[in-house]
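The structure appears right after this line, and notes come after that.
The values are calculated or read from the model by the stated rules, or taken from the named source; none is laboratory data. Note that the structure is predicted; figures quoted are calculated from it, not measured. A quick note on method: Cβ atoms are made from the backbone with ideal geometry, for glycine too, and the neighbour counts reach across all protein chains shown.
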Ligand code: ATP
Ligand code: MG
């Protein structure tokens with residue numbers, strides 16, 4: 001029987017994981033520049049952590065949860081997103097305490113789980129990189145966070161991402177708009193898709209960003225949130241726009257954009273890129289000032305975003321922006337005969353302890369095959385250990401490119417790899 005991975009999951013093999021490491025490394029470096037620190041929360045949470053915060057009417061909670069009852073009969077779910085767990089942790093660990101520096105700027109990266117129909121760019125285990133900043137209601141925080149994502153795309157070399165910006169305003173503005181939307185959509189109910197007829201009752205804003213043709217048509221003339229903003233909402237949105245402009249970050253206002261999650265207010269945004277005739281959202285986020293309080297913490301403004309790593313890699317791949325990382329080994333030790341076997345082990349260990357990379361043959365192969373391995377590993381230096389070398393403790397070491405060579409003692413290999421590499425490069 002051939003066992004296979006579950007549907008919608010991926011094995012990330014070494015050639016591919018090198019690409020992940022490239023992106024993750026760059027992200028860690030960049031986020032540190034913005035004074036973000038990493039938080040690692042569990043892969044699974046109590047079901048309520050997600051269901052109560054993400055919203056009972058979202059696709060995530062109604063259709064996509066990987067939930068189960070554990071052996072202690074606890075209702076558990078694999079985490080489908082990062083924000084709710086981070087907020088849970090923020091409150092549980094009292095990061096709101098006055099002695100903790102504000103704002104608290106946290107980032108995470110890791111697997112998320114959603115029971116979805118797998119297709120291109122849509123998996124059941126996928127990965128997100130996300131950030132959350134707690135404690136600032138300053139629109140400068142909105143803009144700094146958006147600018148960080150923008151900076152990331154620039155650093156990766158991605159050119160054609162467009163920032164889509166919208167606001168949901170204060171809870172009061174959002175509620176007024178919600179009612180206006182219900183009033184507008186109710187007479188059109190029969191023209192809506194089945195899903196949107198349900199959304200109209202439960203979560204009418206979500207009809208706006210439905211992907212169904214009939215829904216798109218129906219909302220074409222829908223009222224705009226921008227006409228329902230109170231003074232505070234307007235001021236916040238204007239400040240965000242001014243600061244984006246001051247930083248030279250282009251954007252389009254997209255009043256049909258809402259968020260799948262229920263806890264947003266004020267600024268929301270997405271970075272969208274064209275991919276094979278489709279629009280692909282690669283990063284999405286916004287402000288969620290009510291969520292910490294909802295989790296039982298003190299009222300705390302917050303702002304964050306999540307970014308799909310698979311989608312990011314897909315874009316980088318399509319645009320040829322992933323550096324080719326051919327392996328680069330410092331030393332390859334070819335091994336001839338049983339006497340050299342344990343000596344080769346001792347020497348590669350000594351080389352590695354000096355901070356260099358080393359590999360050796362363990363398969364008793366012909367020299368020609370061993371040299372081929374050295375080539376494909378990109379070995380800088382190569383040496384061959386046979387009976388004579390083991391006897392004399394002297395070996396010829398060769399630059400695998402220039403063919404320049406010299407004699408070195410085993411002691412030199414054990415203590416002076418830096419000098420040897422210097423002389424042969
Ligand atoms: P969509 O409308 O595409 O389903 P969403 O609203 O469910 O997106 P979010 O919950 O905002 O997405 O998640 C943020 C990002 O995570 C998305 O923009 C996307 O890049 C990524 N993402 C979400 N679901 C998946 C998935 N099943 N497989 C791969 N990436 C995903
Ligand atoms: Mg989704």
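Key figures
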item	result
Unique residue being within 16 Å of the chain's Cα centre (by Cα) and within 16 Å of ligand 1 (Cβ to nearest atom) when the list is 163, 152, 106	152
Qualifying residue in region 1-8 (condition: in contact (Cβ under 8 Å) with a residue 40 or more places away in the chain, touching a strand residue (DSSP E or B) at 6+ places or on another chain (Cβ under 9 Å), outside the structural domain of residue 147 (by TED's automatic domain parsing) and exposed (fewer than 11 other Cβ atoms within 10 Å of the Cβ))	yes
Region 45-66, subset surrounded by 19 or more Cβ atoms within 10 Å (Cβ to Cβ) and more than 14 Å from ligand 2 (Cβ to nearest atom), residue modelled with the lowest pLDDT	53
Answer residue from region 276-296, given it is within 11 Å of ligand 1 (Cβ to nearest atom) and touching a helix residue (DSSP H, G or I) at 6+ places or on another chain (Cβ under 9 Å) and is farthest from residue 132 (Cα to Cα) among those	280
Yes/no for residue 206 being closer than 27 Å to residue 77 by Cβ and out of contact with any helix residue (DSSP H, G or I) (no Cβ under 8 Å at 6 or more places or on another chain)	no
Test: residue in region 237-253 that is in a strand (DSSP E or B), modelled with pLDDT of 95 or more and in contact with a strand residue (DSSP E or B) (Cβ under 8 Å, 6 or more places away or on another chain)	yes
Subset of region 317-351 [under 18 Å from residue 12 (Cβ atoms) and modelled with pLDDT of 95 or more]	none
Enumeration of residues in region 165-179 that are more than 21 Å from residue 241 (Cβ to Cβ) and part of a loop (DSSP other than H, G, I, E, B)	none
Residues of region 254-273 classified as at pLDDT 90 or above and within 29 Å of residue 313 (Cβ to Cβ), total	10
Residue, farthest from ligand 2 (Cβ to nearest atom), within region 213-236, restricted to residues that are in contact with a helix residue (DSSP H, G or I) (Cβ under 7 Å, 6 or more places away or on another chain) and outside any helix (DSSP H, G or I)	230
Search result, residues across region 244-271 that are within 12 Å of residue 139 (Cβ to Cβ) and surrounded by fewer than 19 Cβ atoms within 10 Å (Cβ to Cβ)	246
Test: residue 79 is within 30 Å of residue 210 (Cα to Cα) and touching a helix residue (DSSP H, G or I) at 6+ places or on another chain (Cβ under 7 Å)	yes
Residue identified as assigned to a strand (DSSP E or B) and in contact (Cβ under 8 Å) with a residue 60 or more places away in the chain among 281, 273	273
Test for residue 29: is it modelled with pLDDT under 95 and within 16 Å of the chain's Cα centre (by Cα)	no
Filtered residue count, region 103-124, keeping only those that are assigned to a strand (DSSP E or B) and away from ligand 2 (no atom under 14 Å from the Cβ)	8
Count of region 25-74 residues which are in contact (Cβ under 8 Å) with a residue 60 or more places away in the chain, assigned to a loop (DSSP other than H, G, I, E, B) and away from ligand 1 (no atom under 16 Å from the Cβ)	6
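Here is a yes/no grid of residues against (1) assigned to a helix (DSSP H, G or I); (2) within 16 Å of ligand 2 (Cβ to nearest atom); (3) under 20 Å from residue 31 (Cα atoms):
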site	(1), (2), (3)
84	yes, yes, no
140	yes, no, yes
155	yes, no, yes
163	no, no, yes
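Yes/no matrix, rows are residues, columns are (1) within 22 Å of residue 137 (Cα to Cα); (2) surrounded by 21 or more Cβ atoms within 10 Å (Cβ to Cβ); (3) at pLDDT 95 or above:
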residue: 160; (1), (2), (3): no, no, no
residue: 170; (1), (2), (3): yes, no, no
residue: 175; (1), (2), (3): yes, no, no
residue: 210; (1), (2), (3): no, no, no
residue: 220; (1), (2), (3): no, no, no
residue: 228; (1), (2), (3): yes, no, yes
residue: 235; (1), (2), (3): yes, no, yes
